[in-house]
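The values are calculated or read from the model by the stated rules, or taken from the named source; none is laboratory data. As the structure is a prediction and not an experimental result, all values here were calculated from the model. No Cβ is skipped: glycine too gets one built from the backbone with ideal geometry, and neighbour counts run over all protein chains shown.
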Amino acid sequence: MGPLRIGIAGLGHVGAGLIELVQRQERLRLPGRVEITGVSARSQSRNRPVNTDGYAWFDDAATLAEDPNVDVFVELIGGSDGPAKFAVESALKAGKHVVTANKALIAKHGTALAALASEKHVDLLFEAAVAGGIPVVRVLRDSLAGVEVARVSGILNGTCNFITSTMLDTGRSYDDVLAEAQKRGYAEADPTLDVSGMDAAHKAAILSAIAFSADLDFSKVAVRGIEEIGLLDLRLADRLGFRIKLIAEGVLTKAGVVCRVEPMALPHAHALARVDGSLNAVRIEGDPLGAVVLTGPGAGSGPTASAVMGDIAKLFRPAIRNAFGRAEHHVAQPFVTGDNSEIAPFFLRVRLADKPGTLAALTEALAEEGVSVDKLLQDSADESGASPVAVVTHRCPRAQMQAAVNRIAKLSVSVEDPRLIRIEAAS
């Protein structure tokens, strides 16, 4: 068997990490030799941690994608459109296998790209697009093909997980911990994609499409980030037995696939509640499996490059199957927007004026919307004279809970907008 010839577009941290793996492939367990026959990036003169002098240089990624000396086009440019999309389409049309780490591209255009790959009888692989070094795409698509998945959920953004867990552990502010995350390389200079939940949403949409043979429609994904989660919320939740985590999930309902990202309160005993720092974790539930949790590093040049190399290794013996694992006999599920009929317990945090009757006003507002209280915790008044109050409710419809929150926000004793977080069942 001759070498598998790859062209790499994008020589940032992951691209450099992949080249480093190729250069020491004798120590890896690959099925054959990998040869780099071309590279492309925005700047040829930029200093990089690996030597690229021996590789043919292409100013244009699409030209590299179509080069006859390339068997596999590796796209590490990033971005849902522009050069990345054009280059991947060019490679597929030219009959090249494609490996990508581009979650935004797959979340937005994955269905169309998968159809093009099937038409050209080539593979489109994107293990590195979700959860870095955790092989969740392959496990979900291939190893768990015999499982009827009911729900896939997890911690899919290491930046958010680092921020919330470090805030709780150290008592430091959101801004302070975010600055540390940027210094460590966990967060970009502009962290919006991470802390807004959008990065996790791209990954959740991809996993949901695989898990449920769904037509991926990213416009239906509901997204809330961690920007509004403060140290007070984390501490009060912890005292009541919960850890607040940014959870991404896909759930199969009668109407279709509901995919969303939002902060959730997890009981201390929950498997995902114990995942701290920059780690990622994915929980897959289904019949007859029950549940399995995969945990590991979700970002960084090393873990992501290893996932890319894993996909490349698979192409020594291409499977040529649908990129999302959908067979012709599968009934395609639609992505749908979630409604407020979901029933769950909720964690509610408010700040009330420190004067007689405030707690009675709070519980009365909840009772008027049919929401019953399971636990209530009132903290001492802060320097502004307001008392933080945390409430854990019994199970109720989200619409009912939201109506109660709207009512509480209008109370004269309410100092700021209430914070509402869904509570995950123990598992």
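Could you tell me how many of the residues in segment 118-134 are in contact with a helix residue (DSSP H, G or I) (Cβ under 6 Å, 6 or more places away or on another chain) and either among the small types (Gly, Ala, Ser) or within 18 Å of ALA291 (Cα to Cα) (or both)?
So the answer is 4.
Given segment 246-299, what strands (runs of 3 or more DSSP E) lie entirely inside it while holding 1 or more residues that are basic (Lys, Arg) and crowded, with 16+ Cβ neighbours inside 10 Å? Spell out the reasoning first.
Working: elements: 257-267, 279-287, 290-297.
Hits in segment 246-299: 257-267, 279-287.
What do you reckon, is THR304 of a type in the set (Val, Ile, Thr), at pLDDT below 95 and under 26 Å from LEU272 (Cβ atoms)?
So THR304 passes the test.
Please go through (1) modelled with pLDDT under 95; (2) buried (at least 21 other Cβ atoms within 10 Å of the Cβ) for ASP81 and return the number of the only condition it doesn't satisfy.
(2)
Return the residues of segment 124-176 that are crowded, with 23+ Cβ neighbours inside 10 Å and in contact with a Pro (Cβ under 7 Å, 6 or more places away or on another chain); say none if nothing qualifies.
GLU127, GLY132, THR159
Starting from residues that are of a type in the set (S, T, N, Q) and buried (at least 18 other Cβ atoms within 10 Å of the Cβ), keep the ones in segment 309-367 and report whichever is farthest from ILE408 (Cα to Cα).
Residue satisfying both the conditions and the ranking: ASN322.
Go through ALA332, ALA365, ALA313, ALA361 for me and flag whichever is within 23 Å of the chain's Cα centre (by Cα) and either at pLDDT 90 or above or not hydroxyl-bearing (Ser, Thr, Tyr) (or both).
After ruling out the rest, the residue left standing is ALA332.
If you take the residues of segment 388-420 that are among the small types (Gly, Ala, Ser) and out of contact with any helix residue (DSSP H, G or I) (no Cβ under 7 Å at 6 or more places or on another chain), which of them is farthest from PHE346 (Cα to Cα)?
By that ranking, first place goes to SER412.
Can you tell me which residue is farthest from GLU148 (Cα to Cα) among those in segment 319-352 that are part of a strand (DSSP E or B), of a type in the set (A, V, I, L, M) and in contact with a Leu (Cβ under 9 Å, 6 or more places away or on another chain)?
Checking each candidate, the answer is LEU352.
Give all pairs with beta carbons closer than 7 Å in which a residue from segment 147-158 that is without any contact (Cβ under 8 Å) to a residue 40 or more places away in the chain meets a residue that is in a strand (DSSP E or B); count only pairs at least 6 apart in sequence or on separate chains.
So the pair list comes out empty.
Please note which strands (runs of 3 or more DSSP E) are completely contained in segment 371-427 and include at least 2 residues that are touching a Lys or Arg at 6+ places or on another chain (Cβ under 6 Å) and either within 27 Å of GLY154 (Cβ to Cβ) or among the hydroxyl-bearing types (Ser, Thr, Tyr) (or both). Explain how you work it out, then say what you get.
On the way: elements: 373-378, 386-393, 419-423.
It comes to 386-393.
Given the criteria among the small types (Gly, Ala, Ser) and either out of contact with any helix residue (DSSP H, G or I) (no Cβ under 6 Å at 6 or more places or on another chain) or surrounded by fewer than 14 Cβ atoms within 10 Å (Cβ to Cβ) (or both), does GLY38 qualify?
Details: among the small types (Gly, Ala, Ser): yes; either out of contact with any helix residue (DSSP H, G or I) (no Cβ under 6 Å at 6 or more places or on another chain) or surrounded by fewer than 14 Cβ atoms within 10 Å (Cβ to Cβ) (or both): no.
Considered against the rule, which asks whether it is among the small types (Gly, Ala, Ser) and either out of contact with any helix residue (DSSP H, G or I) (no Cβ under 6 Å at 6 or more places or on another chain) or surrounded by fewer than 14 Cβ atoms within 10 Å (Cβ to Cβ) (or both), GLY38 comes out as no.
Hey, could you check segment 145-158 for residues that are among the small types (Gly, Ala, Ser) and not in a loop (DSSP other than H, G, I, E, B) and say which is farthest from LYS203 (Cα to Cα)?
Top of the filtered list is ALA150.
Search segment 252-270 for residues being small (Gly, Ala, Ser) and under 12 Å from PHE242 (Cα atoms), and hand back the single one that is modelled with the lowest pLDDT.
Residue satisfying both the conditions and the ranking: ALA269.
Quick check on LEU231: is it hydrophobic (A, V, I, L, M, F, W, C), in contact with a helix residue (DSSP H, G or I) (Cβ under 6 Å, 6 or more places away or on another chain) and surrounded by fewer than 19 Cβ atoms within 10 Å (Cβ to Cβ)? Give the steps one after another, and end with the answer.
Working: hydrophobic (A, V, I, L, M, F, W, C): yes; in contact with a helix residue (DSSP H, G or I) (Cβ under 6 Å, 6 or more places away or on another chain): yes; surrounded by fewer than 19 Cβ atoms within 10 Å (Cβ to Cβ): yes.
When the stated conditions are applied, LEU231 passes them.
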